[in-house]
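Contents: one structure, followed by commentary.
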Amino acid sequence: MPESEPWGPWSASSEGRDAYAEERDPYAEESGPYATGRRSRDSGGVDVKLGPRARERERARRERAARRARGRALLVTLGVLVLAGLVTIGVVLTSGSDGNGTQAGGGSGAKPVDVEPPPAGKPLEVSTADGYRYRVAAVSNGLNEDAVTEAQTELPSGTSFPYIDYLLTNAGEEEALLDYPGDPFVKRELVAEDARERCEPQGGAPDDMCIAPAKSEVVRRLVGGELVDGDGGDKYMPPGSTYLVRVTVQVPVDRDLTSSDIGLYVAEQLFVGTDPAKHVPFP
C-alpha cells in the first residue's frame with residue numbers, strides 16, 4: 001500500500017499552502033475564545049497592510065470626519081458674525097437714545113436748526129372756531145417766473161404772476177392744521193382784461209383792489225419743528241413753529257406793478273368771521 005500523506009494532498013505542498021494563505025481574509029482571527037472573525041486594527045506596533053475594502057472604508061471615514069470639521073468651522077464663523085451684528089445694533093440703539101429710550105441729540109430725530117426769519121411787517125393774529133391760532137406777517141412781493149413757465153397757456157404780453165411771501169406761525173400751544181390765511185389783493189386795473197371777472201372786490205380793502213385767485217405753498221421751515229403728517233394728506237404745524245409761505249396770483253397781472261399795487265389781507269370767513277378783510281402790511 002503506497003505511503004499516504006498524513007494531511008491530504010495540500011499538506012506537503014508549500015505552493016498549495018501559499019495559495020491557500022493568499023485566499024484567507026487577512027483580518028481573520030486565528031484562535032482564541034473571543035475570536036470575532038476579524039483581526040483587531042491595533043497592530044501592537046507591527047505594520048499591518050490594509051486590504052482594498054478596508055482602505056476604502058478608511059478613506060470614507062476620513063472624508064466624513066473632514067466634512068464634520070468643516071461644518072463645525074462654518075457654524076462657528078456664522079455664530080461670530082451674528083454676535084458681531086447684534087453688538088453693532090446694540091451700540092447704535094444705545095448711542096441714539098437716552099436712558100428712557102427716547103431719541104437723543106443727532107440723527108433724524110434731532111431738532112432742526114432754526115433760521116432767522118426775514119424782516120416782516122406788523123403781524124396779524126387770527127383764530128378759527130376749531131381753536132387754531134395763527135400769526136401772519138408780510139415779508140415781500142415779486143414776480144413768480146417759475147409759475148409763468150409752468151402755465152398751461154401763454155400769458156398776455158407784459159404780464160406775469162405776482163406773489164407775496166409772508167411768515168405763518170402757529171401761535172397756539174397745540175398742533176395746528178396747516179392753513180393759509182393770507183390772500184393777495186391787486187389793483188384791478190392791472191389784471192389782464194379777460195381775467196378781471198375772476199378778481200372780486202372785498203370789504204375792508206380799497207375799492208380799486210380785488211382779491212385774486214391764488215395758490216399757496218410752504219417755501220421753507222424757519223422756526224420750530226417740521227410739518228407733521230396727518231390724515232388725508234393734511235399737515236400740522238407744531239406749536240410755536242414758523243414757516244415762510246408764498247402765495248402766487250393765478251391770473252395775469254401787469255409786470256410793472258409795485259408794492260403799492262399789491263397787498264396781503266386776511267379775508268376768508270374762517271379767520272375773520274363776519275368782519276371785513278384785515279390788512280397785513282409790508283415792512
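When you restrict to C-alpha pairs under 8 Å that are six or more residues apart and normalise by the size of segment 139-213, the relative contact order lands at 25 percent.
Which residues in segment 220-261 place their backbone N less than 15 Å from a point set 7 Å from the Cα of E174 along the Cα-to-Cβ direction? 236-240, by backbone N distance to the label point. Its Cα gyration tensor gives segment 148-283 an equivalent ellipsoid; the semi-axes, largest first and in whole Å, are 28, 18, 13. Taking a straight Cα-Cα cut-off under 24 Å and skipping sequence neighbours fewer than 8 places away in the same chain, the lysines within cross-link reach of K111 are K235. Modelled spin labels at V115 and K235, positioned 7 Å past Cα toward Cβ, are 1.2 nm from each other. In this simple spin-label model, placing a label point 7 Å from the Cα along the Cα-to-Cβ direction at both E193 and T258 gives a separation of 2.5 nm.
About the Cα centre, and with charges only on the beta carbon of Lys, Arg (+1) and Asp, Glu (-1), how big is the dipole of segment 147-258? Nearest 20 debye, please. Spell out each step's value before the answer.
Working: 10 positive and 22 negative charges, 64 e Å.
So the dipole magnitude of segment 147-258 works out to roughly 300 debye.
With K and R counted +1 and D and E -1, the other residues having a Cβ less than 12 Å from that of S157 yield a net charge of -1. Tally up the carbon and sulfur contribution to the accessible surface of segment 208-283 as a whole percent, 1.4 Å probe, everything protein left in place. Here carbon and sulfur together make up 45 percent of the probe-accessible area.
The values are calculated or read from the model by the stated rules, or taken from the named source; none is laboratory data. The model shown is predicted, which means the values in this text are computed figures rather than measured ones. Neighbour counts run over all protein chains shown; Cβ positions are idealised from the backbone, glycine included. Each accessible area value is taken on the protein alone, full model and side chains, heavy atoms only, with ligands, DNA and RNA left out. Shrake-Rupley method; radii C 1.70, N 1.55, O 1.52, S 1.80 Å.
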